[in-house]
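Heads up, the thing below is written out as structure tokens.
The values are calculated or read from the model by the stated rules, or taken from the named source; none is laboratory data. None of the values given here were measured: they were computed from a predicted structure. Here the Cβ is made from the backbone with ideal geometry for all residues, glycine too, and neighbour counts use every protein chain on show.
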Amino acid sequence: MKTQLLGTEITAGFKWKKPVAFCGVALLLISGFFFGHGCRQEVRNDGLGLKINLEYKKLSNGLQVILIEDHTLPIVSYQTWFKVGSVDEKPGSTGLAHLFEHLMFKGTPKFGPKQIFHQLEAKGAEVNAFTTRDYTVYYENFISSLLPKVIEIESDRMNNLTLTQEILNSERQVVFEERHLRTENTPGGKTQEALWQMAFSRHPYRNPVIGYPEDLASLTLEKMTAFYKDYYRPNNAAVIVAGDIKSKEVFDMIQKAYGHLPSGKIPKRDFEKEPEQEGERRLVMYEPTPSERFTYAYHVPSAHDDDAYALDVLSNILFEGTSSRAYRRLTEERDIAWGVGGSNFTPTYPGLFIIGGTMRGNLSTSLAEAEMDRLISDVQTTPVKEKEIQAAVRQLTVQLVDSVRTQHGLAQLIGTVTMILEDPKKYSDDIQKYTRVTAADVKRVAEKYLLPNNRTVITVMPEKKKAAK
């Protein structure tokens, strides 16, 4: 699946960092992966320079354990993935999953409020977490000798977290400040929140991961405690360990630390399907920005649909780099925009094909819209060139390989596909799926999804233009 750095609307992290958002489908995947119950396999793809020793097992309580030996460096990435995100929240409880991510660092009776950080970061470990619409992830990157302590801490807080009203009040205030900084005080944050609200009328993807202020204010200790009991269970989690490890030793340690934890009945994801959009939706916002900005979103299928591969290729042809069609047209030939970009975001449920850009000087976004309409019409009426498809597939493949060159990147990739696609047997031929994308496929998905009636458009105007009206 295509890996790109996007805006903060997609993930909300405990410690802020520009989040990695997985967009598209197939660069989620590495050709040749096979995960079976209790299986071990060396995966090799000499054409991509990949050699991966991977072992998958499941404990009796349902915890998935994925171990990847890589002795290149004496570094380990330990990641705990819970299949719970903002999509699991009920009306009036938005922001619950992200707020709970904060609470997970407040300690247990065994490890006090600051010990989770102090015992690891003092020895050079990187400790962090992030929440998305579909899942929540906690990770540590560290030298190999810290592994026993990491396992001890992570298994303990999966079952023995300390939750009090004082802790809830404190962390809620931190989230209020985070929301103010990242959403309410930035034109980009406001735009992204409005975009998802407008594009989705019923599906919970419409709600921001960080939540609405009024919902955050009303979250009670009882709700937080129930959330912990419902979702933070071993049968709703996957532990992924990649790096300088010996799989058998690590599995024995994990079995001992987690094997006694009780499983639970995980609430079923049961929400109304998003109805088909039947007309263009538009919004004009006035913000303290020097020039006009535009953002479009087209509804597209989920990561489970093979159309996502052709949409990834289309996104690459239109927006990847200075040789892309949109960059050349809007910034070089017409010289009307400072920049333009786009990405195909296809998560667990149907997602969005998002396009955005910033105009030069006082120029109107209507100029960019006209050019984008022409660019989209071009790919809908005239097949893209074979060399464009080949270049796109090469770039997508390089992005995949680059994403797994570190232990952290490899573990994150495996965690993403485990959470979203669930069936590990689907991983064996994903690079090949890109190579099978044809010009006809690109034309077909452009005709099917990039339609005005399937589009949400947000224009951001400088505040001075509102005053001048």
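With LYS265, LYS273, LYS248 as the choices, which residue is assigned by TED's automatic domain parsing to the domain that holds LEU168 and basic (Lys, Arg)?
None of the others qualify; the one that does is LYS248.
Among the listed residues GLU166, GLU171, identify the single one that is exposed (fewer than 15 other Cβ atoms within 10 Å of the Cβ) and either assigned to a helix (DSSP H, G or I) or touching a helix residue (DSSP H, G or I) at 6+ places or on another chain (Cβ under 8 Å) (or both).
GLU166
Test of understanding: among ASP312, ASP305, which residue is of a type in the set (D, E, K, R) and out of contact with any helix residue (DSSP H, G or I) (no Cβ under 8 Å at 6 or more places or on another chain)?
ASP305
Taking ALA337 as meeting all but one of (1) in the same structural domain as LYS90 (by TED's automatic domain parsing); (2) under 18 Å from GLY356 (Cβ atoms); (3) among the aliphatic types (A, V, I, L, M), write down the number of the exception.
Failed condition: (1).
Scan region 331-346 and tell me whether some residue there is among the charged types (D, E, K, R), more than 20 Å from LEU400 (Cα to Cα) and part of a helix (DSSP H, G or I).
Within region 331-346 (the criterion being among the charged types (D, E, K, R), more than 20 Å from LEU400 (Cα to Cα) and part of a helix (DSSP H, G or I)), the answer is yes, since at least one residue qualifies.
List every residue pair whose Cβ atoms lie under 6 Å apart, where the two residues are 6 or more positions apart in sequence or sit on different chains, the first residue falls within region 341-364 and is without any contact (Cβ under 8 Å) to a residue 60 or more places away in the chain, and the second residue, located anywhere, is outside any strand (DSSP E or B) and hydroxyl-bearing (Ser, Thr, Tyr).
Final answer for the pair search is GLY342/SER315.
Hey, among ALA392, ALA368, ALA337, ALA326, which residue is farther than 21 Å from THR456 by Cα, over 20 Å from the mean Cα position of the chain (by Cα) and crowded, with 23+ Cβ neighbours inside 10 Å?
Result: ALA392 is the single residue among ALA392, ALA368, ALA337, ALA326 that is farther than 21 Å from THR456 by Cα, over 20 Å from the mean Cα position of the chain (by Cα) and crowded, with 23+ Cβ neighbours inside 10 Å.
With region 205-310 as the region, which strands (runs of 3 or more DSSP E) entirely inside it contain at least 2 residues that are in contact (Cβ under 8 Å) with a residue 12 or more places away in the chain, closer than 30 Å to LYS464 by Cβ and in contact with a strand residue (DSSP E or B) (Cβ under 6 Å, 6 or more places away or on another chain)?
Because the criterion is at least 2 residues that are in contact (Cβ under 8 Å) with a residue 12 or more places away in the chain, closer than 30 Å to LYS464 by Cβ and in contact with a strand residue (DSSP E or B) (Cβ under 6 Å, 6 or more places away or on another chain), the strands (runs of 3 or more DSSP E) in region 205-310 that meet it are 281-287, 293-300.
So which of THR94, THR80 ends up being farther than 27 Å from ILE151 by Cβ, modelled with pLDDT of 55 or more and either touching an Asp or Glu at 6+ places or on another chain (Cβ under 6 Å) or part of a strand (DSSP E or B) (or both)?
THR94
Every residue in region 114-125 that is free of Cβ contacts under 8 Å to residues at least 40 places away in the same chain and either buried (at least 19 other Cβ atoms within 10 Å of the Cβ) or not basic (Lys, Arg) (or both), please.
GLN115, PHE117, HIS118, GLN119, LEU120, GLU121, ALA122, GLY124, ALA125
So how many residues does region 126-149 have that are surrounded by fewer than 22 Cβ atoms within 10 Å (Cβ to Cβ), farther than 30 Å from PHE345 by Cα and of a type outside the set (Ser, Thr, Tyr)?
5
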